[in-house]
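Below: one structure, written as structure tokens.
The values are calculated or read from the model by the stated rules, or taken from the named source; none is laboratory data. Since we're looking at a predicted model, the values are computed, not measured. Here the Cβ positions follow ideal geometry from the backbone for every residue, glycine too, while neighbour counts run over all protein chains shown.
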Amino acid sequence: MAAPALLLFGLFGLVPLVGVVVLSLARWDGLGSVGWAGVANWSAVLTDGATWQALWLTVKVMVISWLVQTPVALALGIFQAPRGRLRALFAVLFFLPLLLSAVAIGLTWQALLDPSFGIGATPGLHWLAKPLLGSPDLALYTVIFVIAWQFVPFHALLYQAGIRQIPTVLYEAAALDGAGPATRFRRITLPQLKYTMVTSSTLMLVGSLTYFDLIFVLSGGTGGPGTATRVLPLSMYITGFQAHDMGRASAVAALLVVFGLGLSLLTTRLSGFTRMDSQQEGM
Amino acid sequence: MWALNDQTILKESVDAYNKDHPDEKITLRLFANDDYKQKLRVAFGANQAPDIFFSWGGGALNDYVKAGKVDTLRASDLKADRFTPSVMQSATFGGKVYGVPANGLAPVVLYYNKKVLADAGVEPPKTYADLLAAVKKLKAKDVVPMSLAANSKWPTLMYLEYLLDRQGGSDVFTKIASGDASAWKDPSVTQANQYLQDLSKAGAFGDNASSVSYDQGASAALLYTGKAAMEVMGTWEYANIAKAAPDFLAKGDLGYTAFPTLPGGAGKADSIVGNPSNFLSLNSGTKNKSAALTYFNDYVLNDSQVDAYLAAGSVPPVNGLESKLATVKSSSDKAWLTFVYGLVQNAPSFQLSWDQALPSDQADPLLTNTDKSFLRQISPAEFGTNMSKATS
């Protein structure tokens with residue numbers, strides 16, 4: 001049964017991965033002939049301060065995104081979980097960003113945040129007329145905000161589904177025992193959402209390694225101002241397709257794979273996800 | 001043949017060729033700007049490249065030449081003497097020509113909003129000192145003195161190009177472009193960055209320049225809406241403004257002049273920087289060489305092409321245009337075309353934009369360091385040190 005899946009994974013997952021690792025040991029400008037470089041690309045990437053800055057930015061985007069998105073998504077999920085016509089309407093509005101492509105979102109926000117002609121030009125909103133994407137201090141946080149705007153609906157959807165799965169008998173029993181809404185949330189909702197949270201967090205953390213298109217568009221393809229938003233995937237793209245150094249770009253790509261793999265293993269291990277014990281023991 | 005999306009006049013030349021040669025037609029494929037460079041590169045890497053391709057000349061084209069992908073064009077193949085010599089320099093490597101110019105000249109000039117300058121009692125600046133004085137007066141009037149799309153980085157580079165050319169003369173960058181990394185440490189490079197940072201410190205670009213992206217036309221919009229007084233940009237901006245704000249042009253509010261001089265600098269006051277032209281080059285692996293040469297020779301920038309470019313407000317890099325210019329009907333277009341033609345004809349040097357002149361692996365460090373210098377994240381001297389390190 002698993003053979004076709006393995007074959008596909010091997011063809012589209014492993015073969016390119018091996019290709020990247022091989023290419024990371026080569027010297028190739030994408031045009032001429034491929035030459036052997038040994039570990040030169042790796043030592044260049046690992047000793048370059050720009051790589052570590054990009055990695056640091058990636059981690060920063062990842063952690064802050066998680067801290068911002070999780071509570072908002074949870075709150076929205078809780079709000080949407082009970083059925084009701086008004087909530088359904090809200091839900092449709094919330095999910096709008098999910099339907100747009102990252103490029104459309106990037107261009108829209110870039111136009112909205114333009115200090116001269118964007119929302120900052122509206123009377124009464126002049127306090128918004130700041131170089132949000134142009135200031136080296138603010139740009140990264142602006143990017144994180146736009147990322148959250150794009151992805152919170154998806155995670156809210158996960159939480160909504162998770163909450164709807166919780167058996168109502170648990171709440172009824174707790175109410176009989178005199179537990180208030182706060183206690184019910186802390187003692188029932190949160191523990192029951194544990195695996196939803198693990199799933200959502202893993203998607204968020206690993207997914208943040210691929211935030212490329214949005215940042216690319218928002219920063220005009222440069223990771224600017226300066227290098228304030230040049231995360232690792234963007235740095236890989238610029239090295240490979242603007243500076244035409246495929247070898248070094250492959251080394252950065254391999255670094256990303258290692259980082260993502262480690263992260264994914266770490267989240268599942270720490271959360272006990274692999275044990276998969278039942279949440280509904282004793283029911 | 002591959003080219004960029006917006007080359008409608010170039011497309012007409014292909015159509016004309018195809019009409020005359022139905023048995024050996026050219027298929028034209030057009031691409032968006034950002035994709036194009038990568039697509040071409042990948043196509044050449046995979047030996048799937050077109051017979052004729054469009055490029056910016058300079059270091060990027062030289063990459064292909066060095067990889068043996070481009071055919072030499074003999075002077076007799078091209079009737080090369082019809083083109084402006086300073087423009088041909090961008091497609092000439094090691095004394096051999098690798099491209100034929102295929103559209104208008106695009107030097108960088110200083111545009112200004114006549115009304116805004118008049119309201120502030122400012123004359124169009126002729127020297128750097130004038131410029132600083134103008135900045136002060138314009139700031140007091142609450143307009144942005146110079147509109148700059150710094151988010152896109154390359155517009156900022158235009159300032160550095162001019163400041164270095166005025167300060168150190170055209171030789172400094174010529175040395176850099178020839179591969180001499182130590183030339184980045186020339187004192188005039190530091191001085192040019194100092195001037196740029198001084199301008200920025202004086203508030204010449206307002207508070208928001210770094211958020212302005214060129215692609216959405218915001219920097220031109222600032223100029224024609226009167227929110228900004230001046231803009232340094234390539235000549236293509238004239239057509240953009242004519243399209244976006246025809247009223248502004250019709251009222252005669254758009255002014256333009258050469259970039260201010262630096263008294264005391266070693267450079268010549270009438271030297272220019274920018275993009276001499278785009279070029280068409282021949283894939284060395286082509287099987288259709290003679291057809292391509294016929295096209296280059298008889299259809300690219302021929303008489304009707306030249307007329308079409310002039311009608312679009314763009315000056316093609318062809319010698320002896322005076323008589324044609326005299327017949328242009330619209331007076332605002334005529335003044336503009338004559339200005340650009342004169343600027344280029346009188347220029348002792350026409351420096352190709354740095355990001356195009358340098359090999360492509362240096363373009364990113366260049367743009368990043370330019371941006372950092374503009375943001376004053378690095379000192380004027382660090383710009384040269386960083387660049388010299390990135391180049392060697």
Practice prompt. Please report, ordered by residue number, the strands (runs of 3 or more DSSP E) entirely within region B:3-121 with at least 3 residues that are modelled with pLDDT of 90 or more.
Written response: B:52-55, B:106-113
Discussion item. Among the listed residues B:11, B:19, identify the single one that is under 22 Å from the mean Cα position of the chain (by Cα), farther than 25 Å from residue B:343 by Cα, more than 14 Å from chain A (Cβ to nearest Cβ) and without any contact (Cβ under 8 Å) to a residue 60 or more places away in the chain.
Written reply: B:11
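Confirm whether residue A:48 is surrounded by fewer than 18 Cβ atoms within 10 Å (Cβ to Cβ) and among the acidic types (Asp, Glu). I'd like the intermediate steps shown before the answer.
Working: surrounded by fewer than 18 Cβ atoms within 10 Å (Cβ to Cβ): yes; among the acidic types (Asp, Glu): yes.
Judged against the criteria, residue A:48 is a match.
To keep it simple, each residue is scored yes or no on (1) within 14 Å of chain B (Cβ to nearest Cβ); (2) β-branched (Val, Ile, Thr); (3) touching a residue at least 40 places away in the same chain (Cβ under 8 Å); (4) assigned to a helix (DSSP H, G or I).
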position: A:9; (1), (2), (3), (4): no, no, no, yes
position: A:21; (1), (2), (3), (4): no, yes, yes, yes
position: A:31; (1), (2), (3), (4): yes, no, yes, no
position: A:42; (1), (2), (3), (4): no, no, yes, yes
position: A:50; (1), (2), (3), (4): yes, no, yes, yes
position: A:53; (1), (2), (3), (4): yes, no, yes, yes
position: A:66; (1), (2), (3), (4): no, no, yes, yes
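Yes or no: region B:365-378 includes at least one residue that is away from chain A (no Cβ under 12 Å), modelled with pLDDT of 90 or more and either under 26 Å from residue B:76 (Cα atoms) or crowded, with 21+ Cβ neighbours inside 10 Å (or both). Quick ask: steps written out before the conclusion?
Initial filter on region B:365-378 (away from chain A (no Cβ under 12 Å)): none.
Within region B:365-378, not a single residue is away from chain A (no Cβ under 12 Å), modelled with pLDDT of 90 or more and either under 26 Å from residue B:76 (Cα atoms) or crowded, with 21+ Cβ neighbours inside 10 Å (or both).
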Practice prompt. Tell me, please, whether a residue that is in contact with a strand residue (DSSP E or B) (Cβ under 9 Å, 6 or more places away or on another chain), within 14 Å of chain A (Cβ to nearest Cβ) and hydrophobic (A, V, I, L, M, F, W, C) can be found in region B:130-145.
Written response: yes
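Matching residues to (1) aliphatic (A, V, I, L, M); (2) at positive phi; (3) surrounded by 15 or more Cβ atoms within 10 Å (Cβ to Cβ); (4) in contact with a helix residue (DSSP H, G or I) (Cβ under 6 Å, 6 or more places away or on another chain):
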{"residue": "A:23", "(1), (2), (3), (4)": "yes, no, yes, yes"}
{"residue": "A:32", "(1), (2), (3), (4)": "no, no, yes, no"}
{"residue": "A:35", "(1), (2), (3), (4)": "no, no, no, no"}
{"residue": "A:43", "(1), (2), (3), (4)": "no, no, no, no"}
{"residue": "A:75", "(1), (2), (3), (4)": "yes, no, no, no"}
{"residue": "A:82", "(1), (2), (3), (4)": "no, no, no, no"}
Worksheet item: For region A:109-148, what are the residues that are surrounded by 15 or more Cβ atoms within 10 Å (Cβ to Cβ), within 11 Å of another protein chain (Cβ to nearest Cβ) and in a helix (DSSP H, G or I)?
Response: A:110, A:120, A:139, A:142
Discussion item. For a quick check of your reading of the model, give me the residue pairs whose first member lies in region B:283-310 and is farther than 27 Å from residue B:44 by Cβ and in contact (Cβ under 8 Å) with a residue 24 or more places away in the chain, whose second is buried (at least 16 other Cβ atoms within 10 Å of the Cβ) and of a type in the set (D, E, K, R), with beta-carbon atoms closer than 9 Å and at least 6 apart or on different chains.
Written reply: B:310/B:324; B:310/B:333
Worksheet item: Out of the residues in region B:181-214 that are within 10 Å of chain A (Cβ to nearest Cβ) and touching a strand residue (DSSP E or B) at 6+ places or on another chain (Cβ under 9 Å), which is surrounded by the most Cβ atoms within 10 Å (Cβ to Cβ)?
Response: B:212
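This table checks each residue for (1) surrounded by fewer than 20 Cβ atoms within 10 Å (Cβ to Cβ); (2) out of contact with any Leu (no Cβ under 9 Å at 6 or more places or on another chain); (3) at negative phi.
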{"position": "B:259", "(1), (2), (3)": "no, no, yes"}
{"position": "B:266", "(1), (2), (3)": "yes, yes, yes"}
{"position": "B:270", "(1), (2), (3)": "yes, no, yes"}
{"position": "B:280", "(1), (2), (3)": "no, no, yes"}
{"position": "B:292", "(1), (2), (3)": "no, no, yes"}
{"position": "B:295", "(1), (2), (3)": "no, no, yes"}
{"position": "B:315", "(1), (2), (3)": "no, no, yes"}
